[in-house]
Amino acid sequence: MSRVSVPCHVKGTVALQVGDVRTSQGRPGVLVIDVTFPSVAPFELQEIMFKNYYTAFLSIRVRQHSSPHTPAKWVTCLRDYCLMPDPHSEEGAQEYVSLFKHQMLCDMARVLELRLILRQPSPLWVSFTVEELQIYQQGPKSPSMTFPKWLSHPVPCEQPPPLIEGLPDPSRVSSEVQQMWALTEMIRASHTSTRIGRFDVDGCYDLNLLSYT
Amino acid sequence: MLQEESDLSLIIAQIVQKLKGSNLYAQLERQAWACLQRPEIKLESLKEDIKEFFKISGWEKKLQNAVYSELSVFPLPSHPAAPPEHLKEPLVYMRKAQGSWEKRILKSLNSMCTELSIPLARKRPVGEQKELLSKWNEMGTDEPDLSLFRPVYAPKDFLEVLINLRNPNYENGDSLSFRTHLGLIQVPLKVKDIPELKEFFVELGLTTGQLGIDDSTQVPPELFENEHVRIGQKVLAEQDGAAAQQYIRQGSPTALRADLWALILNISSQPEDILYYEQLKTNVIQHDLLVDSLIYKDVKLTASNDDYYFVFEDYLYQVLLCFSRDTSVLGHFAYNSASPPKSYIRGKLGLEEYAVFYPPNVAPLCFLYHEPSKLYQIFREMYVRFFFRLHSISSHPSGIVSLCLLFETLLQTYLPQLFYHLREIGAQPLRISFKWMVRAFSGYLATDQLLLLWDRILGYNSLEILAVLAAAVFAFRAVNLMEVTSLAAAEAVLADLSTLKVMPLLQIFLFATVT
């Protein structure tokens, strides 16, 4: 399944908080990130990939292109996806995550805009976000070929010529040879990545200092 | 569903790739070629017939053991976009801390080199090589001058680094609030609590028979011990690695222990392995490393003075010197947060494999294995599976940081008065128990108790039991500890652990303490 990265514009995060941001003591627990696709027509979303940074739960809303007359509406396609099983501890806090089309609640056929809603209920963390956000759409399908006529419409086979005495049945031999050929191909294709185990260079192992890089 | 299937095929591909370079693969190939002569193998159904043959002759079991062993050791394949550093250690600040700790060690080694004007590694002259070869089995009798060598670091230094580990994204205000950790470790890793530990260590429960408890002289052997030994012999006869791992959770009979450990760690004594060991021995003889002197000094100071382990001094040298030259250990750096140090040979990049670790970890194994090559393999396998986690900074649940945090959390939750009292007198409990955990209790417990403990490490494939035992020891001596008034006095109360019985302590702490 090939995929193609879609260039996107990630707007700055907006914190949702009750009351004045400056005067209230607590930190916001909800952030919203808008993702737009200014240069691309409405596309079919295949995969969303990002690196988590201390976000506990993720919801995604999508705005799709529908018929020309009705205005596009926001629909929730992912609700409260858990990224950190325990929001107070480090598990899953800096993991790489991929979300696929089949995990979404709705069809992602003609995406115009995405809105990521990040939640982190724990007060232990100074900040939280998602990084390295990348959106992928379906890659181009392999070009369709037209098959030659004899391949797509095989000629009905004629009566095979009578077997010559003393020789084995040709169809049996060909199936056995085919199996063996498949096995040899497999062996040829495989290689191992084991180390040989030598650590000296040209028989010399004189070291003077260890390097810091 | 799609995700799980693709994960499974990824895991399978990874294991196949790993096993392809192994000895077992070559043996299976040879067997497959040899069995082609047999009459029951037909050409049309070649694949199925060979598979059937493997099942009958026991080779499938060996393959199963190898796969099971790989699954236990290697971490699951991660996200395709994750860089390799992420696989070693997902948290960025821990990677940085490990990097700066390593730099410190390198600096120390380099300065030692330049001060003493000794090269880090050099080829030995032929005369010296001959001498070493003749003295190979009695290296302990040699008494070179090692007074100028200082140890590169002590457990205390490592503990200081762990105490200063901070997550930059963690709100750790100056004022005491619910966020501050009362113990020494200040990173919020996920650790198990007692209900989760009870579930994890369910085979240690009160209703299950244990070696270490139910084989004492007062208990008639018909109740548990005889049956347990019989099952152990059956497991060994079947050569089933997964069953052995399950079996050993209840402890291993002394007579079967060596073979059971070899089965679980998937080590067989093939001629190739003995040859590999000989090759390493040749490397030791041909090249002299600075690290050798450090190892020598360390062993002289610790194991040679120990009442139980001094007999194995020569074995220890043989194993450790070879270990420091074994490049196959480099493979474990893929999932270890540490990195091997590099150096330049004649302008080209070479890798110096070294690990400054603690020899007493080897000593208990000497009780089990007598041939150097098998002893060496067992030690190497235990190191790359478990003990390396005790020396590197990582967020793994069996890493030393998690063990320390688990210990402190258990103590705080279940013995709050003791914890508070010790903290008030300036004797943070971790300062005392750190040296036990970082050595996996070797050198502190009696040998038979230590081996029972290490049975469980193998059985549960995790080092968390070390932290639980440390907390259990504190719980056991709680009454005395409540009366001390200084760190030195607390250390004196906990100085001698050689009379402790490990399994009753663990059982009481996990299953019999009223909370």
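Put the Cα centre of segment B:222-251 next to the Cα centre of segment A:55-109 and the gap is 49 Å.
Ordering A:Val62, B:Val67 from the fewest to the most neighbouring beta carbons within 10 Å gives B:Val67, A:Val62. By the count of other C-beta atoms within 10 Å, a proxy for reagent exposure, B:Asp240, A:Asp107 are ordered fewest to most as A:Asp107, B:Asp240. Each listed q (0.19, 0.23, 0.25, 0.27 Å⁻¹) maps to a log10 I(q)/I(0) for segment B:49-121, found by the Debye formula over equal Cα scatterers with no solvent: -0.88, -0.99, -1.05, -1.11.
What's the exposure ranking of B:Val235, B:Val484, going from fewest to most Cβ atoms within 10 Å? Working shown, then result.
On the way: B:Val235 22, B:Val484 19.
Least crowded to most crowded, the residues run B:Val484, B:Val235.
Rg/Rh, computed from the Cα trace of segment B:1-72 with Rh as the Kirkwood radius, has the value 1.05. Loop-located GluC sites (Glu not before Pro) in segment A:1-90 (DSSP state other than H, G, I, E, B) with a sparse environment of at most 13 neighbouring Cβ atoms within 10 Å: A:Glu44.
Whole-Hz Karplus values for segment B:238-252 come out as 6, 6, 9, x, 5, 5, 5, 5, 5, 5, 6, 5, 9, x, 10 Hz, taken residue by residue from phi with 6.51 cos²θ - 1.76 cosθ + 1.60 and θ = phi - 60°; glycine and proline positions read x. In segment A:62-127, the alpha-carbon atoms span a convex hull of 108 Å³ per residue.
Beyond a 32 Å Cα-Cα separation, which of these cross-linked pairs lie in this structure: B:Lys18/B:Lys107; B:Lys18/B:Lys55; B:Lys103/B:Lys198; B:Lys130/B:Lys297; B:Lys198/B:Lys435; B:Lys96/B:Lys156?
B:Lys18/B:Lys107; B:Lys103/B:Lys198
Each reported figure results from applying straightforward, stated rules to the coordinates on display, with no laboratory input. Treat the numbers as computed from the prediction; the structure is a model and nothing was measured. Positions of Cβ are backbone-derived with ideal geometry, glycine not excepted, and every protein chain shown enters the neighbour counts.
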